[in-house]
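Novice: The structure under discussion is supplied below as structure tokens; questions concerning it will follow.
Only the coordinates and a few stated rules stand behind these numbers; no lab work does. Since the model is a prediction, treat every value here as computed from it, not as a measurement. A quick note on method: Cβ atoms are made from the backbone with ideal geometry, for glycine too, and the neighbour counts reach across all protein chains shown.
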Amino acid sequence: MTVGKPLANYAAYRRAGDWVFLSGVIAVDPNRSVVTRFDQLPAAARDQLRELGFDTGQMSVDVFEAPIVAQSWFVLDRIREIAAESGANMGSVVRLVQYFRDLRHYPAYNRVRGLFFEQPVVSTVVEVSRMLPSDEVLVEVEATLYLG
């Protein structure tokens, strides 16, 4: 069973020999809502984010940080779930391509990414003008895993 159903007619991931290629992952929950708030994340995720100084409980701070931080955690967690489904873990990720609506979101994403990877991975960062399915989507991440 595939973790999360793709939003259109494509595969969430595909294995080719010892390689697994993930389609771009965005922060859309099972109800097809774009994640934009901390309260859309599991309690354990919120605890991790608080340790990084996010999810402060201060509306005047969280309203600005929550969309990118919550989406970053959700997307990376979805990649972790897909990796597990394919028989791998985050240590198998060798390359990420990260698409941002605004490159100023990269520092927050980068801090969250540190929760998921013990070692740095090959990384490409690109700024794009829009992403599907809505303008609320701030980050999309493609991943390549090696299982050999």
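Novice: Starting from the coordinates of the alpha-carbon atoms of the stretch 1-139, obtain the Kirkwood hydrodynamic radius over all distinct pairs and give the value in Å to one decimal.
Specialist: One over the average 1/r among Cα pairs gives 15.6 Å for the stretch 1-139.
Novice: Using alpha carbon centroids, what distance separates the stretch 11-26 and the stretch 119-137, in Å?
Specialist: Using only Cα atoms to place each centre, the spacing works out to 17 Å.
Novice: For labels at S33 and L132 in the simple 7 Å Cα→Cβ model, what's the distance in nm?
Specialist: Going by the 7 Å Cα→Cβ label model, 2.3 nm.
Novice: If you build a Gaussian network model of the chain, linking Cα atoms that sit under 10 Å apart, which residue out of A16, A83, A27 swings the most?
Specialist: A16
Novice: Right, next: Between D18 and R111, what length in nm is gained on full extension when 0.36 nm per residue of separation is reduced by their alpha carbon distance?
Specialist: Stretched fully, the D18-R111 segment lengthens by 30.5 nm.
Novice: For the chain, modelled as a Gaussian network with Cα springs under 10 Å, which listed residue fluctuates most, I68, I26, I82?
Specialist: Checking each option, the largest mean-square fluctuation is seen for I82.
Novice: Can I ask one more? Using a basic spin-label model with each label point 7 Å from the Cα along Cα→Cβ, how many nm lie between S123 and V61?
Specialist: Result for the modelled spin labels: 2.3 nm.
Novice: Let me ask another. Which of V128, V34, V112 moves the most in a Gaussian network model of the chain with Cα springs under 10 Å?
Specialist: Taking springs between Cα atoms under 10 Å, the residue moving most is V128.
Novice: Compute the signed sum of charges (Lys and Arg +1, Asp and Glu -1) over the other residues within less than 15 Å, Cβ to Cβ, of G87.
Specialist: Working: positive: R14, R15, R80; negative: D18, E81, E85.
Once positives and negatives cancel, what remains is 0.
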